[in-house]
Structures are given as structure tokens and as C-alpha cells.
Amino acid sequence: MNILLRCLQFNSTVRITIILLAVLITSCNNEESKTKRFSFPPEWEPHEAIWTDFASERSIIPNQQAKLKIIATLSNYAKTNVVYDDDSLKDVAVNNLSQLQAYLSNISFIKTSSPMNWIRDPGPIFITDGNKLKVVDFKWSCYGRAYNCENDFRDKVSGELAKGMNVAIDTIGLYIEGGGIEVSNNTIIAYKAMAQQRNSDKSLEEVTSILLNAFGKEQIIWLDDFPVIDKPWNKAANYFGQGANGHIDVTTRFLNDSTILATIIAEADKDKSELLRKDYRILNENLKELKQATRPNGKPYRIVTVEAPDYSLFEYKTTMSNSYLNYLPAETRSKFNVGDTIKYVPVLDYANFLITNGAVLVSSYWKEGMPEAEKQKDGKIQKILKEYFPNRDIIPLDVLPINWGGGGIHCRTQQQPKIN
């Protein structure tokens, strides 16, 4: 009898202990949920919305139709928030989108106090803990170009949009842009030359620490230098054009946590111009660095390569005008004279695609009369994207008018993560 009582008492004690442990574990889990770290989800995660822009901007080639095509396409897959600054531009958009098979009920227009173009760069970058959003706010330096930046107020729009959404802002004190970083679930890729040029007052270690903390990642892969096709103004010799001055999304993207897409120059193209020769060398160096990089678990990445379009097919030869010469920085201005022959080139970028709900939007360049090799390049990037995103529609778009302005599809969009 005494033995039975002792057993019952023991069993009761065990039951109480188990109950207490369960309560403690539940409490810890709830606390962990409340304090879960904010992070910037990779682009392949579900989106609540895609932000884009239809604002005033100066461009040597009209790009309204290309921008409208992006908006119309996006609206068929996700809620699409269109930032604009001019009511007449909104009217243009509304009048044209229905003709482009846009899903109009998925499109919202948000007016801002100043122009917001290339929204990924100065616009809101959304981080989340799964339950709520925050906006990471960088300092704005016009892509590291202090020259001609005094009247550029795009840095104010990120805060304005966040306030309108009633979303908290994390100001992190770095000069950088959204296109300057590429993320997986645990890793950031960026160009060292870009980060150091924007933040000469900070060591690379300081920049690394700030970015990892801001975006909730474990490591950064720093590639040394970026291709000259992405340089602004004078790229090399007498080649000119726009550029983001070191954005990783022009050349290098994650396809998943263990696979990276890297841009290279085809052997057949490398001697066709000085730009191609320079970028052949730079992008090959980037490829070597990527092959040496490891994931947080120590394993190497799988590297998939895609050949850039042949720059030489897209050169626009003209002469240096007085107005353009005066627009250039002094160090560039001193090298040229009015009437000099110059070649203007767009930023051609297969890697500047956008992954969203049910679709991947990617640049397409081949047109009738171009070499068959260029058609094969278009086909290759589409095949790669279909392999890695088999359940999404791969949608090629002609965005060359946007490329002339210095960016592409990815630059003109920003994803808002879906939350619980």
C-alpha cells in the first residue's frame, strides 16, 4: 500500500513537472516570436505587393511605354503600387494600361511630393519579422555622384511612403541604394568598390556590420569591382551613358540559397569594343571570386553563368554637345571638346530581372536582323529562369528604352513581403 502511494505521488510529481516544462517552452516560444529578428526576405518569397514608379524624369529615349508594360504585366500577378508625382502622368498611365491587358483593380496610384524614379534605389526597402514590416532607410548620394545632386530629393520619398503606410523606419546611416545589394535567406552580395566609394568615412568591416544587422543576414560576399557598363557618364575612352555606379543587380543574382547567377562576356564578343574588353576581364574576376565563396555552412555555391548582350550592337554614335559637356563633372569635361565623336550605350542586363508571385520578368534584346548568337542569349536566360522557377511564368520584355536611362526591370520595382 505504501509503495502504491509513493508511486502515485511520484507520478503526480512527474505530471506537474511535465506541465511546468510545457508552459515554460510555450512561454519561450511566444517570447521568441515577439522578438524574432527582422530580415530582408529573398525575392522568391511571397509578395504582398510590388512597388514601381511612373514619375517625371529626363531620358534621352522616351521610356513611358516600357514602364507601362512592366506595370501592366505586374498587375496580373500581384498588387501593384505605382508612385507618381504629376497628375498628368497618372492620366497617361490610366488611359494606356487598359490597352496593355492590365488588371486595373490590382493597381493603386500613390502620389508623392517629389519625383520617384528607379524606385528600388531611393525608395522603401521592406524588412519583416513575419508579422509586421519596417522600412530600411539609406542615405542618398545620387549613386555616389555628389555632382548635380543638390536638387535631387528622392531620399525624402522613402520616409514619406513609410509614414503613409504607418510603418516604422530604421535609418542605418549608410550611403547606398537598393540595387547595390542582393540577398538570399542568409547572405548578401555587393560590390566592395561601390560600398567604399559611397562610405569613405567607414571601414569595410563597419559597412559589413551595419548591413548584416540591418538585413538580418549571416555573411556578405564582397566582389571587388563592378563592370564599366554600369559606370555613369564617361565609361571608357569615348564611351558614355548612364549607370548606377556599382549595382550588383546588373550582373549577379541569387537563384536560390545555394545558387548564384553570374554575368560574363562571351569569348566571341570580348574584342569587339574597349567596353567589352574591360568587362570581360572584370566579370571573369568576379566569377573567380564567386567560385571561391562559400555558404555559411562552408559549402561552395553552384555558379550559373549567362553571357551579356553584345554591347557593340547597341552603340549610338553622336557628337559632344555644349549642353552635355557642361553637364559632366569637371574631371570628365576637361578631356573632351564640343564636336568630339562619342558613343552612347545603354546598361544591358539580363541579371536585372524581377521575381514575383507566379512570374519572373526578364529583359529580352534580340530583334530581327541581329546575330543568331544574341537570340540564343535571350533563350538561355529564359531557360535558366524556368529551371529554377518552374512554377512561375517567365515573361521576356523589351525594356531597352529603360536601359538607356541606366537600369532595368529590377531597378524600377521593389517587393513588399507578405506578412502573417
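The values are calculated or read from the model by the stated rules, or taken from the named source; none is laboratory data. Bear in mind the structure is a predicted one, so any value in this text is a computation, not a measurement. For neighbour counting, all protein chains shown are included, and Cβ atoms are generated from backbone atoms with ideal geometry for every residue, glycine included.
Is it true that Ser258 is among the hydroxyl-bearing types (Ser, Thr, Tyr), more than 30 Å from Ala359 (Cα to Cα) and either touching a Lys or Arg at 6+ places or on another chain (Cβ under 6 Å) or modelled with pLDDT of 95 or more (or both)?
Here the answer is no, as Ser258 does not meet what is asked.
Kindly indicate whether any position in segment 351-359 is at pLDDT 95 or above, in contact with a Ser or Thr (Cβ under 9 Å, 6 or more places away or on another chain), in a strand (DSSP E or B) and more than 30 Å from Pro46 (Cα to Cα).
Taking segment 351-359 as the starting set, the residues that turn out to be at pLDDT 95 or above are 351-359.
Filter again for in contact with a Ser or Thr (Cβ under 9 Å, 6 or more places away or on another chain), leaving 351-354, 356, 359.
In the following step, the residues that additionally are in a strand (DSSP E or B) were identified as 354, 356, 359.
Now drop any that are not more than 30 Å from Pro46 (Cα to Cα), which leaves none.
For segment 351-359, residues at pLDDT 95 or above, in contact with a Ser or Thr (Cβ under 9 Å, 6 or more places away or on another chain), in a strand (DSSP E or B) and more than 30 Å from Pro46 (Cα to Cα): absent.
Scan segment 88-116 for residues that are part of a helix (DSSP H, G or I), touching a Lys or Arg at 6+ places or on another chain (Cβ under 8 Å) and more than 21 Å from Ala359 (Cα to Cα) and report the count.
Count: 1.
Of all residues in segment 219-243 being surrounded by fewer than 22 Cβ atoms within 10 Å (Cβ to Cβ) and over 19 Å from the mean Cα position of the chain (by Cα), which is nearest to Pro124 (Cα to Cα)?
If we take residues in segment 219-243 being surrounded by fewer than 22 Cβ atoms within 10 Å (Cβ to Cβ) and over 19 Å from the mean Cα position of the chain (by Cα), then Trp233 is nearest to Pro124 (Cα to Cα).
Residue-by-condition table, conditions (1) charged (D, E, K, R); (2) in a helix (DSSP H, G or I); (3) under 20 Å from Ala373 (Cα atoms):
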site: Lys278; (1), (2), (3): yes, yes, no
site: Arg281; (1), (2), (3): yes, yes, no
site: Lys288; (1), (2), (3): yes, yes, no
site: Gly298; (1), (2), (3): no, no, no
site: Val304; (1), (2), (3): no, no, yes
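Of all residues in segment 99-140 being hydroxyl-bearing (Ser, Thr, Tyr) and crowded, with 19+ Cβ neighbours inside 10 Å, which is farthest from the chain's Cα centre (by Cα)?
Looking at the filtered set, the residue picked out is Thr112.
Quick one: is Lys380 out of contact with any Cys (no Cβ under 7 Å at 6 or more places or on another chain), surrounded by 14 or more Cβ atoms within 10 Å (Cβ to Cβ), closer than 27 Å to Arg302 by Cβ and of a type in the set (Lys, Arg)?
So Lys380 passes the test.
Among the listed residues Gln382, Gln415, Gln376, which satisfies the condition of being assigned to a strand (DSSP E or B) and either more than 21 Å from Ala49 (Cα to Cα) or touching a strand residue (DSSP E or B) at 6+ places or on another chain (Cβ under 7 Å) (or both)?
Result of the check over Gln382, Gln415, Gln376: Gln415.
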